[in-house]
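Only one structure is covered here, and it is reproduced in the block below.
The values are calculated or read from the model by the stated rules, or taken from the named source; none is laboratory data. Computed from a prediction, not measured in an experiment: that's the story for all the values here. In this analysis, Cβ positions are derived from the backbone assuming ideal geometry, glycine residues included, and neighbour counts consider all displayed protein chains.
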Amino acid sequence: MSGKKILQIAGDFVEDYENMVPFQALQMVGHDVHAVCPEKEAGDTVKTAIHDFRGDQTYLETRGHDFEITASLVEIDPADYDALVVPGGRAPEYLRTYDEVIETVQHFFEEDKPVATLCHGPQILAAAGVLDGREITSYPAVRPECERAGCSWVDGVVTDGNLVTAQAWPDHPEWLAQFLDVLGTDVEHGEPQTAAADDD
């Protein structure tokens with residue numbers, strides 16, 4: 001398998017799991033992932049937020065980790081990347097106000113490259129005007145603005161052409177599996193090995 005070059009857009013208070021899990025998992029299977037954030041350089045950090053579901057009408061947000069940005073958004077060329085990941089959390093509500101973020105997202109759709117997003121990430125896609133006629137999902141509270149952007153909202157992880165969407169981090173296993181399929185990534189699953197018992 002030849003690894004792909006994947007761009008991931010982060011920002012302060014990006015959801016911790018939704019940012020870190022795909023960042024690490026995609027590298028684990030051989031892809032090269034670069035994390036960028038407007039107004040941040042490689043080596044700078046963003047603060048993450050942990051969104052938990054504890055029976056309230058909405059999620060509870062607590063402070064997560066510091067996450068290191070690995071490339072500069074103003075210096076990279078989206079044409080050099082094969083795919084895009086847009087995590088959720090609180091970051092998308094302000095990241096969508098940056099022209100360079102919108103233009104970067106639009107490039108991946110114009111070129112029909114694989115895109116994976118979940119939770120509040122589709123807020124950026126809605127702002128970029130790339131959801132018209134699509135079938136997607138998102139965090140349910142984001143459904144109204146997604147539908148106003150022209151998409152058909154469905155319940156559950158969904159792949160529509162090059163776009164893979166999910167509702168939140170509990171969907172990671174299915175969301176990442178579908179994204180790997182779109183990327184054309186084959187993951188070998190061998191039989192688990194157990195240590196032989198000592199005979200003495």
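Observations
- Residue match in region 63-71 (condition: in contact with a strand residue (DSSP E or B) (Cβ under 9 Å, 6 or more places away or on another chain), at positive phi, surrounded by 15 or more Cβ atoms within 10 Å (Cβ to Cβ) and assigned to a strand (DSSP E or B)): no
Per-residue answers, yes or no, for (1) within 27 Å of ASP12 (Cα to Cα); (2) more than 16 Å from the chain's Cα centre (by Cα):
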site	(1), (2)
GLU103	yes, yes
LYS113	yes, no
CYS119	yes, no
ILE124	yes, no
ARG148	yes, yes
ASP160	no, no
ALA177	yes, no
ASP181	no, no
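- Residue match in region 48-58 (condition: within 22 Å of SER138 (Cα to Cα), out of contact with any Cys (no Cβ under 6 Å at 6 or more places or on another chain), modelled with pLDDT of 95 or more and polar (S, T, N, Q)): yes
- Residues of region 77-99 satisfying the condition of being more than 15 Å from the chain's Cα centre (by Cα) and surrounded by 16 or more Cβ atoms within 10 Å (Cβ to Cβ): PRO78, TYR98
- For region 2-21, filtering for residues that are more than 17 Å from THR104 (Cβ to Cβ) and at pLDDT 95 or above leaves 8.
- Checking ILE102 against (1) farther than 16 Å from ASP160 by Cα; (2) in a loop (DSSP other than H, G, I, E, B); (3) without any contact (Cβ under 8 Å) to a residue 40 or more places away in the chain, the condition it does not meet: (2)
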